[in-house]
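This report concerns only the one structure given below.
The values are calculated or read from the model by the stated rules, or taken from the named source; none is laboratory data. Keep in mind the model is a prediction, meaning the values are calculated, not measured. Neighbour counts run over all protein chains shown; Cβ positions are idealised from the backbone, glycine included. Only protein heavy atoms, including side chains, enter the accessible area calculation; ligands, DNA and RNA are left aside. Shrake-Rupley method; radii C 1.70, N 1.55, O 1.52, S 1.80 Å.
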Amino acid sequence: MKQIIGFIVLILSVILLGCNPMDSTYSGFLSSGVNTYAGKADSVKAHSGRNRILISWKPITDPRVTGGKIYWSNKKDSVVFPITSKLDTTVLINGLSEGNYTFDFYTYDKSGARSLKVEVVGIVLGSKYESGLPLKSVKTITLTNNVATITFNALTHKDYIYQEITYTSSLSQSKKTLQVAAAVSQVVINDYSGTEFLNRSVFKPGEFSPDLFYSTAKTEYTPTVPLLSYPEAGATGISCAPEFAWYNSVMLADATYTLEYSVNQSVWTSVVATKSGTLIPKTLLNANTIYYWRVTASKKGSENQVSAIKSFATGEKTIYADGEAMKVQSNTLGSRPVRLAFTGDGFLQSDYTYGGLYDKFIDEAIAAFFSVEPYKSYRQYFEIWKVAAYSNESGISESDKSISLSTAYGSNYTGTTITCSSARIFEYIKHIPNVDDAALTNMTTIVVLNKKRQGGVSYVTDDCKSIALCPVYRSSSTSTFVDFTNMIIKQGGGFCFGLLADETSTLSGIIPADQATKMKAEWAAGRSLNVDVTSDPAQVRWAHFIGRTGYTRPGINEGAYGYKTGIYRSEITSCMTNGQPYFNAISRELIVKRIMKIAGETYNFDTFIQKDVAKTPYD
C-alpha cells in the first residue's frame, strides 16, 4: 500500500512540474481581464411601415441593460433608445426610403458594455408599393329608394384587410364611411342617397405594421337615370369626334343605351351604343358648333330612363372623317391628273387625328413611292389623295391564326396570301372628286395595313384597276428588301401602277402552257411587258436598251414570272426580282409610258433617255 501511494505522489509531482510553462502562459492571458457582454435581444423582428419600420423584441431579462442601438446602411445610420423595463420591447425608426434593409441590434448596460450583434432584415414600404395595390372592384349595384346593394368581385392579396365605402347618408346628409371585411362580398346600405360613392381597398402589410396602405380610390355611380360624364356641361373646344361617356342607370343596368345629339334640340341624331357607357360617333360633328346631347336607357318591359340634357361647343376640326378624301398634291404637269390614292385598313377613328398614326404611315408610304425613279422625276404629273376609312377594331384579321377583326376593308392573312374587299375599297376611293369606275382603271390604290407582319399583295383587274396591300412590317436586315417601304415600291409602284410582271424564278422547270397563255393575255392588255419568251437580243422587248451607251445592265437573263426556264428578264436584279428600290430600264420606260398616256401627253423615247437618271441601282 505504501508503495502505491508513493507512486501516485511521484506522478502528481511530475504533472505539476510539467505544467509550469503552461501556467505561465495562461496567467499572462488572464491578466488582461475577462470580457463581459450585456444580454442581447431575443426574437428581434422588423415590421414594415410607410417610410418607417417597427423593430420588436422579447422582454430582456438581463437587469443590467439600460439601452439599445440599431445600425443600418453599413453602420452609416443609427438610432439610440432607452430600455428601462421589460415593457420596452419596440422602437420605431422613421424617415426611411422605400427598400430592403439589414439592421444590426445591440443592447448596452451602464458601464457601456454592449451585447453581441443581432441582425434582422426588414422591408420599408412607400409610394411604389402603394401604387401597385389593387382595388376590389364593384360587380353589381342595385338601388331601391334609399337602399343600395353593392356586390364586389373577389380580391386576393395577402395584405388586404377590408374595403372602405364612403357615401352620403340619407339620414344626416353628411358623409359616412363603412368598413367592409375582406371576406364579405356584398354590403347593403339602408341610408344611401345621392348618385355616387367612393370605393377603396385597405391593406396592412403584417399584423404589427404601424401603418395602413390604400388602393387608388374610385368613384362609383348609382344614378337612377343615365348620368352624363363627358363632354361636361358648357365645355368648349371639344373634338369633332368626341368620345361621349356616361354612367349607366342602375335601374336598367343591362339596358340598351342610345346617344342623341342635336344643334337645336328639335331634330336629334340617334346612335345606339355598342359598348356600355361610351360611344364615338363615326359621323364627325361640325366644327365650332354648339351641340346638345342626352342618353336614353331602354329595356323591354321597363320604362325608359332618360338623362338630363347637356350642351357643349366643338372646336376646330382636327381629325379625318370616315370616307373623307384629302388631296395631298395637285399635278402641275400633264393635261390630265395621274391619280394615286392612299388609304388604310385596321386603323381606329382615334388614329385619324391630323398627324396621328394614319398620317404617319401614309406620309411614309407616299415618300417611299416617290423615292425611286422614274416616279421621283415624274412626280409633278401626279395628283395624290388620302382617303380615311374607320375600322371598328385595330389590326388585321389572320384567319391562319384564328384571329378575326372588324375592319373597314376586311383585309385578312390566309397564310398564303392577303385578301380584302376590293368592292369596299373602290367604294371609299370614289369619294375622291371625279373618280368613278372609268377613272379607277387609270389609277392605283395603295392600302396600308395596320399590321406588323411580313408580306404584300397586289390585285390588278383585266381593265387595270389596281390595289396594293402593304402591311407596316419592319425589318432590321439591310440585306433583304421586305420592309414596309419596299412593299410600297414593289407592290404599289411595280405590280399596280407599272403593271409589271414578277421577275423572280423560284419555281423549277419551264413555264407551263397555261401560264404562258395567261401572260400573253396580259401582254394584250398592256401588262407584264417587262418579260419576254424570246432570248433573241434583237427581238426581245428591251432590245433598244441592250448595248446602248450608259446602259450596261440590260441583257438576256433567263427566269421570270416565277419560272426558271422558257421566260426572260432584262437585268439580273431589280425591284421586281428581289424588291430592291430600283426599277430596271425597261420597267422605268413602261412606267413613264403609262404616266404620259394617262396625263394626255405623247411619249418620246429620246426625251425619256435624256430624263432617265437611274441607269444602275442607287445612282
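Listing for the model above:
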{"quantity": "Criterion: open to solvent by 60 Å² or more (accessible area, probe 1.4 Å), β-branched (Val, Ile, Thr) and under 24 Å from VAL460 (Cβ atoms) - qualifying residue of THR573, THR517", "calculated": "THR517"}
{"quantity": "Of residues in the stretch 549-559 being open to solvent by 30 Å² or more (accessible area, probe 1.4 Å), part of a loop (DSSP other than H, G, I, E, B) and without any contact (Cβ under 8 Å) to a residue 60 or more places away in the chain, the one nearest to ASN530 (Cα to Cα)", "calculated": "ILE556"}
{"quantity": "Pairs, first more than 19 Å from LYS40 (Cα to Cα) in the stretch 95-122, second among the hydroxyl-bearing types (Ser, Thr, Tyr) and part of a loop (DSSP other than H, G, I, E, B), C-beta under 8 Å, six or more apart", "calculated": "TYR101/SER73"}
{"quantity": "Unique match (being assigned to a strand (DSSP E or B), over 30 Å from ALA585 (Cα atoms) and of a type in the set (Gly, Ala, Ser)) among ALA389, ALA308, ALA313, ALA321", "calculated": "ALA313"}
{"quantity": "Any hit, the stretch 133-150, residues being loosely packed, with under 12 Cβ neighbours inside 10 Å and touching a residue at least 12 places away in the same chain (Cβ under 8 Å)", "calculated": "no"}
{"quantity": "Residue pairs meeting the criteria (Cβ under 8 Å; at least 6 apart or on separate chains; first at positive phi, in the stretch 343-370; second open to solvent by 50 Å² or more (accessible area, probe 1.4 Å) and of a type outside the set (Phe, Trp, Tyr))", "calculated": "GLY346/GLU393; GLY346/SER394; GLY346/LYS451"}
{"quantity": "Output for the stretch 595-619, where each listed residue is under 24 Å from THR534 (Cα atoms) and either at pLDDT 95 or above or open to solvent by less than 30 Å² (accessible area, probe 1.4 Å) (or both)", "calculated": "PHE605"}
{"quantity": "Hey, ASP104 outside any loop (DSSP other than H, G, I, E, B) and either of a type outside the set (Gly, Ala, Ser) or modelled with pLDDT under 95 (or both) or not", "calculated": "yes"}
{"quantity": "Leading residue by the ranking (nearest to the chain's Cα centre (by Cα)) among those in the stretch 314-346 that are among the aliphatic types (A, V, I, L, M) and open to solvent by 20 Å² or more (accessible area, probe 1.4 Å)", "calculated": "ALA321"}
{"quantity": "Any hit, the stretch 382-391, residues being at pLDDT 95 or above, touching a strand residue (DSSP E or B) at 6+ places or on another chain (Cβ under 7 Å) and over 30 Å from ALA241 (Cα atoms)", "calculated": "yes"}
{"quantity": "Scope the stretch 251-279; condition within 22 Å of TYR320 (Cβ to Cβ) and open to solvent by less than 70 Å² (accessible area, probe 1.4 Å); matching residues", "calculated": "LEU259, TYR261, THR269, VAL271, THR278, LEU279"}
{"quantity": "Residue in the stretch 560-569 that is open to solvent by 50 Å² or more (accessible area, probe 1.4 Å) and at pLDDT 95 or above present", "calculated": "no"}
{"quantity": "Evaluation of VAL120 against (1) surrounded by 14 or more Cβ atoms within 10 Å (Cβ to Cβ); (2) within 27 Å of the chain's Cα centre (by Cα); (3) under 30 Å from ILE70 (Cα atoms) (one fails), failing number", "calculated": "(2)"}
{"quantity": "The lone exception for ILE586 - which of (1) surrounded by fewer than 22 Cβ atoms within 10 Å (Cβ to Cβ); (2) part of a helix (DSSP H, G or I); (3) in contact with a Ser or Thr (Cβ under 9 Å, 6 or more places away or on another chain); (4) not charged (D, E, K, R) it fails", "calculated": "(1)"}
{"quantity": "Count of residues meeting criterion [touching a residue at least 60 places away in the same chain (Cβ under 8 Å) and surrounded by fewer than 19 Cβ atoms within 10 Å (Cβ to Cβ)] in the stretch 499-514", "calculated": "1"}
{"quantity": "Top-ranked residue in the stretch 151-175 [being in a strand (DSSP E or B) and polar (S, T, N, Q); ranked as surrounded by the most Cβ atoms within 10 Å (Cβ to Cβ)]", "calculated": "GLN163"}
{"quantity": "Any chance LEU96 is open to solvent by less than 40 Å² (accessible area, probe 1.4 Å) and assigned to a loop (DSSP other than H, G, I, E, B)", "calculated": "yes"}
